[in-house]
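The values are calculated or read from the model by the stated rules, or taken from the named source; none is laboratory data. Everything numeric here is computed off the predicted structure, so don't read it as measured data. As a convention, Cβ positions derive from the backbone with ideal geometry for all residues, glycine included, and neighbour counts pool all protein chains shown.
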């Protein structure tokens, strides 16, 4: 089967990244003495064209049949070198990488120690490579459709791009309407575009696009399968309104017995709605939804003599019999655009949020300044008699960001600019207002940001450098206690309104998607991309891409850019039509398998089944692997008592010699 | 123990979390002892507990298995199997008198480069305390 | 009293069934306390069957030990049932085999034999020496009576019972089709793992020395593995050459690795029939190794194998909240 | 050669006088009785019935290095021979077993590993005055005081051992401690002979092996083998602990680049023993393997060397976990013939 190994070992200097601490010549010399090694060379950059050419030439001229590249992490360049092997006519799985950079030269300073360790790493790779077997990369068809989870601006943009390219999109949104957080914004920084004006047309496009199947008020329940062939189950929650009949006229909402009595989520609880409601006027779809937790008829079984909405609806669209519906479909790619949660300001009790009614979050202020908001765009605090227009207004920056005490070390990236924007808008609405911003640093890094910040300051907004220690009530006023760190003066500042510039956090339900799609989280608990620089929209799960704030805080332009990136990644997959499936899958030696089914129990993917085979005339049960479903984790192999199921490229027979090579004392 | 003793540690790391975490430690130039050498597997679920027995036989003074935090396994469940298997082999090895300071398992995520350093330092330090483990080595017995 | 007539009748009836291939029980051995597994294919052979405190062998081993030789072309394999006698502990092996699909339920007819404990012949030989003639033994009211050439000799059970029987909690078969004899009252409610705790109480070095002395005797005859009803791989990884997990050479390192691997493969599977320890020609206390894992499995996962045919195998399952206080 | 006498309380001094050689005697090692080197602190006792592990392991170790090599190299390093050894308290059956096995290892090609050790060993036997239950040495041509293969035969006379040197090697050994050994009287010799006769009478198990060598092949297809093999576990107890079983396997072991070729006991009762690389196994089941075991001992070996490869030590009977009893098998074979 395997011809005698002729191994080439290629030690990379990586400029001086490796050679600075590892004696590359010594490692090369050592490698050349290892059994089966025919060629051992070193070169400044193995990944460069000439570096790769070196390998290809040796394969052709020296008849190498195994290659060890001792350079950086296989997570970096394994694919590069596999490709090089393939181009030279060698099976790409005859490659083993020795990680001399990330796991040796960069983490050790002592040249002698690092070199000794490098030798062992190389010896281990050589021990393994001689036993590697050629693998076949099989291809499967890609289902030409994409699932997008989340109907905010990221999901909308990705959906439109993919649909416009001619591929089917299933867009699943949890709430009754598209729009996400962006729809709540009044204006966007730094250009002061009206948020609704730029977003609404896109929402309408989505709803009317022939390639997009929009599922609002729906949730993804289950995803099985693998890249190119995901099987998706979506629960369409009952709206108790027949969307085909509902015209969105709104009579029901006015007639509802609870009209104006339920805090409206869209207005951050400051406005009121009924139990049957449209989240906001521009909602897409413009269909009403009954809130099953509030509706009298649904919660108590009785709503007067008969529910008012039923009586009022001219289209007869109300349907209390409606049930959740499970929809199943197949897609080739998945984009996760689930967005973020706003930091819960009650976790900073020193600022009195939730305790004093004139402490607002920035998003609440955003609703107040919005023409579609609860006050019709008037910045008015209090209700009825006690209503007043605040004159002294303070913003506090970095609430819930850059703050280890609440577990958020990161910068939320948008607060500085939205604060500037809100300050500007407040000044515009209340020209006589005194607006100041308590800040640690102002980060105005984007296009037009610094200019905007400058403009707002010129408009009279004061920036005070210092993180307030607390906000408390004194009479009718709120007092902010802070130290101006530029003048080193402590100050007590009496204001009418405190606005907390709250940061962005991973969604509280982030776990659901992790479990659904096997994603990882970075330290900040946002979803982890495959590589922070080179694969910022990919994830560890093939065929699953990230867009928007689900991956980390970002502003609208960045979100849209990333959404377009995710769409493009999905499109590459869809348009190629085929995808290579994992080659390093498990396989069963049916001659020794005892059919105990441990592997079947263990496999997280249901990729192994028990089948009956004929063994010398006896019917015996053995395990068999469905290679398209196998993800190559190898958990089955470690659980197999007879060693009959083995993961290709990670067989016992390949790992044991690695252990031996590392164990031997030099 | 003599000051010269440098324990030899064999570590099995999953590709997605701990190996990536070790890579991150490298990218971040975090320095740690060179005693530990890594064998990459796709998932800690691949680590047959008998690898640990074999590593001791082949000359390891300590062994580490490191994978994703519970719930974060790239393959959903592999680290749970690994944990159960490891807990059993650890009990058994300790029972026959192998110093538990030689047998470690850790959760290190792809973002925990700093934790990786801490883990390596601890594993190396404990193996160093436990001293050279020659009693179980193949070591050319009766050659 | 064991009603041998009844036993033989059961066996004859069973072996006369068309769907039964053979019946496995015990018969008297050729000398002293020896007893041999007895394969009954004809009703007449049933007359040699016995059931006594000497019937140590766990016959469940033969369910998987039976060789599946190539079936000549044109012939069909004999797929009829195997009937076998099981004591309480043996029956747990049958259950565990069902869990791991080593056998199918419809492949066996289980003759459950409630058991009052079997004799450790090493213990009784120390008391009596090795008698020439075949010895018969029987249970009687907490006592064991041996029939020797020079008359009967009575023992209090505890004097001569095998270690595993002293702590037996399952004297009654946990699975059977036919029950032979009356169920007995278990005499031990809880396993206290005393022998394991004694070793756990030693220092690391003492434990190491203890086991090294034991393992150094091992001659790697594989009798412990072969007699185990749950070691039934077609091709055991411990004597496989590619890859070589354990070298064939016999020395302390390989012996230790062999015994560790063997024990580990039984973690969560060992049903504590004690056969490995009984057959070991060099008297390695293998059950102290197996029981350590039983204890760990019980304490960490609250699991006992061989009781529920529907149970998930321990090593092929997990709980998200499995203990992990050892993890860095 | 003249008989000599050693006071029992001088046994220790006798051993000390042999300090130019390595002395092995039966000892309890762990839970097992086997031949182990005698060192000063250990109380030597010859009162054990026979050892569990036969002394064959001294001349034919379970694992033995044949030569060393280096991967990629072209030279081999032969292992050096061992020291002169004395085995004290060898039972006559085990000594006979060695002379049986000598046939094999000096047959077509001399086996240097075995013969070197064999040449350097002096066997000091001890007559079995209380033969254990399953002994049947007289049936296979031996006896509790058989001298075949021994250099000296000792007989326990109560307070002293009678030493009968049988070979020049034995005489030389006696000379090393001549001041401890006194000449034995005629009555001592007579007493010993009487004890030997009594001992032989104590052996109850017997089997008539006449005609087996010729007859066994005719039972090739007999149901006996099925019956014998049915309870067989296929373990190595009966063969590993048999003093005449001598099969071995040869394997290479590596550590880093260093390698050794070694041979180790093997057993015809193991499935792998006859497994071909093709996957074919000419002895596919325990039935053929048990048949081979009996045929080899009582027919093939007799054909080739004129001796039976069984010395009646009874170990296989004593230690078989499922009571496969070679005397019983042979009786059945005789019946079937």
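Restrict the check to region C:18-25 and report whether at least one residue is in a helix (DSSP H, G or I) and crowded, with 21+ Cβ neighbours inside 10 Å. Walk me through it before giving the result.
Start the filter on region C:18-25 by keeping residues that are in a helix (DSSP H, G or I), which leaves none.
There is no residue in region C:18-25 that is in a helix (DSSP H, G or I) and crowded, with 21+ Cβ neighbours inside 10 Å.
Here is a yes/no grid of residues against (1) within 7 Å of another protein chain (Cβ to nearest Cβ); (2) buried (at least 24 other Cβ atoms within 10 Å of the Cβ):
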{"position": "B:7", "(1), (2)": "no, yes"}
{"position": "B:11", "(1), (2)": "no, yes"}
{"position": "B:30", "(1), (2)": "yes, no"}
{"position": "B:36", "(1), (2)": "no, yes"}
{"position": "B:43", "(1), (2)": "yes, yes"}
{"position": "B:47", "(1), (2)": "yes, yes"}
{"position": "B:53", "(1), (2)": "yes, yes"}
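Of everything in region A:607-659, what is within 30 Å of the chain's Cα centre (by Cα), without any contact (Cβ under 8 Å) to a residue 40 or more places away in the chain and surrounded by fewer than 20 Cβ atoms within 10 Å (Cβ to Cβ)? Give them in sequence order.
Residue satisfying the conditions is A:626 alone.
May I ask you to verify whether residue A:494 is under 26 Å from residue A:633 (Cα atoms), more than 10 Å from every other protein chain (Cβ to nearest Cβ) and surrounded by fewer than 22 Cβ atoms within 10 Å (Cβ to Cβ)?
Values: under 26 Å from residue A:633 (Cα atoms): no; more than 10 Å from every other protein chain (Cβ to nearest Cβ): yes; surrounded by fewer than 22 Cβ atoms within 10 Å (Cβ to Cβ): yes.
Taking the combined requirement at face value, the residue does not satisfy it.
Report, by residue number, each residue of region B:98-116 that is surrounded by fewer than 22 Cβ atoms within 10 Å (Cβ to Cβ) and either touching a residue at least 24 places away in the same chain (Cβ under 8 Å) or at positive phi (or both).
Taking region B:98-116 and keeping what is surrounded by fewer than 22 Cβ atoms within 10 Å (Cβ to Cβ), we get B:99-101, B:111, B:114-115.
Those that are surrounded by fewer than 22 Cβ atoms within 10 Å (Cβ to Cβ) and either touching a residue at least 24 places away in the same chain (Cβ under 8 Å) or at positive phi (or both): B:99, B:101, B:111, B:114, B:115.
Right, residue A:601: surrounded by fewer than 20 Cβ atoms within 10 Å (Cβ to Cβ), facing another protein chain (nearest Cβ under 7 Å) and not in a loop (DSSP other than H, G, I, E, B) or not? Reasoning before the result, please.
Working: surrounded by fewer than 20 Cβ atoms within 10 Å (Cβ to Cβ): yes; facing another protein chain (nearest Cβ under 7 Å): yes; not in a loop (DSSP other than H, G, I, E, B): yes.
When the stated conditions are applied, residue A:601 passes them.
Please give the number of the condition residue B:123 fails out of (1) buried (at least 23 other Cβ atoms within 10 Å of the Cβ); (2) at pLDDT 95 or above; (3) more than 30 Å from residue C:294 (Cα to Cα).
(3)
All but one of (1) touching a strand residue (DSSP E or B) at 6+ places or on another chain (Cβ under 6 Å); (2) facing chain C (nearest Cβ under 7 Å) hold for residue B:143; which doesn't?
Just one mismatch for residue B:143, condition (2).
With the checklist (1) surrounded by fewer than 22 Cβ atoms within 10 Å (Cβ to Cβ); (2) within 14 Å of chain C (Cβ to nearest Cβ); (3) part of a loop (DSSP other than H, G, I, E, B) in hand, flag the one item residue D:324 doesn't pass.
Checking residue D:324 against (1) surrounded by fewer than 22 Cβ atoms within 10 Å (Cβ to Cβ); (2) within 14 Å of chain C (Cβ to nearest Cβ); (3) part of a loop (DSSP other than H, G, I, E, B), the one that fails is (1).
Select from region D:132-149 the residues that are assigned to a loop (DSSP other than H, G, I, E, B), away from every other protein chain (no Cβ under 14 Å) and closer than 20 Å to residue C:130 by Cα and list them in ascending order. Walk me through how you get there before you give the answer.
Applying the first criterion (assigned to a loop (DSSP other than H, G, I, E, B)) to region D:132-149 yields D:132-136, D:141-149.
Right, trim to away from every other protein chain (no Cβ under 14 Å) and you get D:141-149.
Passing the criteria: only D:144.
Before we move on, is residue D:253 closer than 30 Å to residue C:60 by Cβ, modelled with pLDDT under 95, within 14 Å of chain C (Cβ to nearest Cβ) and touching a strand residue (DSSP E or B) at 6+ places or on another chain (Cβ under 9 Å)? Before you say what the answer is, go through the steps one by one.
Values: closer than 30 Å to residue C:60 by Cβ: no; modelled with pLDDT under 95: yes; within 14 Å of chain C (Cβ to nearest Cβ): yes; touching a strand residue (DSSP E or B) at 6+ places or on another chain (Cβ under 9 Å): yes.
Here the answer is no, as residue D:253 does not meet what is asked.
Identify, please: which residue in region A:19-67 is in contact with a strand residue (DSSP E or B) (Cβ under 6 Å, 6 or more places away or on another chain) and in a loop (DSSP other than H, G, I, E, B) and is, among those, farthest from residue A:112 (Cα to Cα)?
So the residue we want is A:64.
Can you tell me which residue within region A:169-211, out of those that are touching a residue at least 40 places away in the same chain (Cβ under 8 Å), out of contact with any helix residue (DSSP H, G or I) (no Cβ under 8 Å at 6 or more places or on another chain) and assigned to a strand (DSSP E or B), is nearest to residue A:555 (Cα to Cα)?
A:172
Tell me, yes or no, whether region D:159-177 has at least one residue that is within 14 Å of chain C (Cβ to nearest Cβ), modelled with pLDDT under 95 and either surrounded by fewer than 18 Cβ atoms within 10 Å (Cβ to Cβ) or under 26 Å from the mean Cα position of the chain (by Cα) (or both).
So the first thing to find is which residues in region D:159-177 are within 14 Å of chain C (Cβ to nearest Cβ), and the list is none.
No, region D:159-177 has no match at all.
How many residues does region C:310-319 contain that are more than 7 Å from every other protein chain (Cβ to nearest Cβ) and either within 15 Å of residue B:88 (Cα to Cα) or at pLDDT 95 or above (or both)?
2
I'd like the full set of residues that are closer than 14 Å to residue C:34 by Cα and in contact with a strand residue (DSSP E or B) (Cβ under 9 Å, 6 or more places away or on another chain), limited to region C:122-137.
Applying the first criterion (closer than 14 Å to residue C:34 by Cα) to region C:122-137 yields C:122-125, C:129-137.
Of everything in region C:122-137, those that are closer than 14 Å to residue C:34 by Cα and in contact with a strand residue (DSSP E or B) (Cβ under 9 Å, 6 or more places away or on another chain) turn out to be C:123, C:124, C:131, C:133, C:134, C:135, C:136, C:137.
So which residues in region A:334-347 are in contact with a helix residue (DSSP H, G or I) (Cβ under 7 Å, 6 or more places away or on another chain) and surrounded by 21 or more Cβ atoms within 10 Å (Cβ to Cβ), if there are any at all?
Restricting attention to region A:334-347, the residues satisfying the condition of being in contact with a helix residue (DSSP H, G or I) (Cβ under 7 Å, 6 or more places away or on another chain) are A:334-340, A:342, A:345, A:347.
Result: A:334, A:335, A:336, A:337, A:338, A:339, A:340, A:345.
Out of curiosity, is residue A:70 touching a residue at least 12 places away in the same chain (Cβ under 8 Å), assigned to a helix (DSSP H, G or I) and under 37 Å from the mean Cα position of the chain (by Cα)?
Numbers: touching a residue at least 12 places away in the same chain (Cβ under 8 Å): yes; assigned to a helix (DSSP H, G or I): no; under 37 Å from the mean Cα position of the chain (by Cα): yes.
Against the criterion (touching a residue at least 12 places away in the same chain (Cβ under 8 Å), assigned to a helix (DSSP H, G or I) and under 37 Å from the mean Cα position of the chain (by Cα)), residue A:70 does not qualify.
Residue B:95: facing chain C (nearest Cβ under 7 Å) and either closer than 27 Å to residue A:629 by Cβ or in contact (Cβ under 8 Å) with a residue 40 or more places away in the chain (or both), yes or no?
Numbers: facing chain C (nearest Cβ under 7 Å): yes; either closer than 27 Å to residue A:629 by Cβ or in contact (Cβ under 8 Å) with a residue 40 or more places away in the chain (or both): no.
Answer is no for this residue.
Residues checked against (1) within 14 Å of chain D (Cβ to nearest Cβ); (2) at pLDDT 95 or above; (3) at positive phi; (4) under 17 Å from the mean Cα position of the chain (by Cα):
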site	(1), (2), (3), (4)
C:261	no, yes, no, no
C:276	yes, yes, no, yes
C:291	no, yes, no, yes
C:321	no, no, no, no
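When the residues of region A:224-258 are filtered to those that are within 28 Å of residue A:321 (Cα to Cα) and part of a strand (DSSP E or B), which remaining residue is farthest from the chain's Cα centre (by Cα)?
Step one: filter region A:224-258 for residues within 28 Å of residue A:321 (Cα to Cα), giving A:232-258.
Checking which are part of a strand (DSSP E or B) leaves us with A:232-236, A:241.
On the way: A:232: 18, A:233: 20, A:234: 19, A:235: 21, A:236: 23, A:241: 33 Å.
It comes out as A:241.
Can you tell me which residue in region C:230-245 is surrounded by the fewest Cβ atoms within 10 Å (Cβ to Cβ), limited to those that are part of a loop (DSSP other than H, G, I, E, B) and either within 11 Å of chain D (Cβ to nearest Cβ) or in contact with a strand residue (DSSP E or B) (Cβ under 8 Å, 6 or more places away or on another chain) (or both)? First the steps, then the outcome.
Pass one, region C:230-245, residues part of a loop (DSSP other than H, G, I, E, B): C:230-236, C:240-245.
Pick out the ones that are also either within 11 Å of chain D (Cβ to nearest Cβ) or in contact with a strand residue (DSSP E or B) (Cβ under 8 Å, 6 or more places away or on another chain) (or both) and you get C:231, C:234-236, C:240-241, C:244.
Numbers: C:231: 21, C:234: 17, C:235: 17, C:236: 23, C:240: 18, C:241: 10, C:244: 20.
The selected residue is C:241.
Can you work out which of the residues in region C:247-259 that are assigned to a helix (DSSP H, G or I) and either under 14 Å from the mean Cα position of the chain (by Cα) or at the interface with another protein chain (Cβ under 7 Å from one of its Cβ atoms) (or both) is farthest from residue C:121 (Cα to Cα)?
C:253
Tell me, which helices (runs of 4 or more DSSP H) lie completely within region B:1-114 with 2 or more residues that are more than 16 Å from the chain's Cα centre (by Cα)? Give the derivation first.
Numbers: elements: B:18-27, B:49-58, B:78-95.
Fully inside region B:1-114 and qualifying: B:18-27, B:78-95.
Please give the number of the condition residue D:290 fails out of (1) in a helix (DSSP H, G or I); (2) farther than 22 Å from residue C:220 by Cβ; (3) in contact with a helix residue (DSSP H, G or I) (Cβ under 6 Å, 6 or more places away or on another chain).
Only one criterion in (1) in a helix (DSSP H, G or I); (2) farther than 22 Å from residue C:220 by Cβ; (3) in contact with a helix residue (DSSP H, G or I) (Cβ under 6 Å, 6 or more places away or on another chain) is unmet by residue D:290, namely (2).
Within region D:215-250, work out how many residues are under 25 Å from the mean Cα position of the chain (by Cα) and away from chain C (no Cβ under 14 Å). Give the steps one after another, and end with the answer.
Initial filter on region D:215-250 (under 25 Å from the mean Cα position of the chain (by Cα)): D:216, D:228-229, D:232-250.
Those still in the list that are away from chain C (no Cβ under 14 Å) too: D:216, D:244, D:246.
Total satisfying the criteria: 3.
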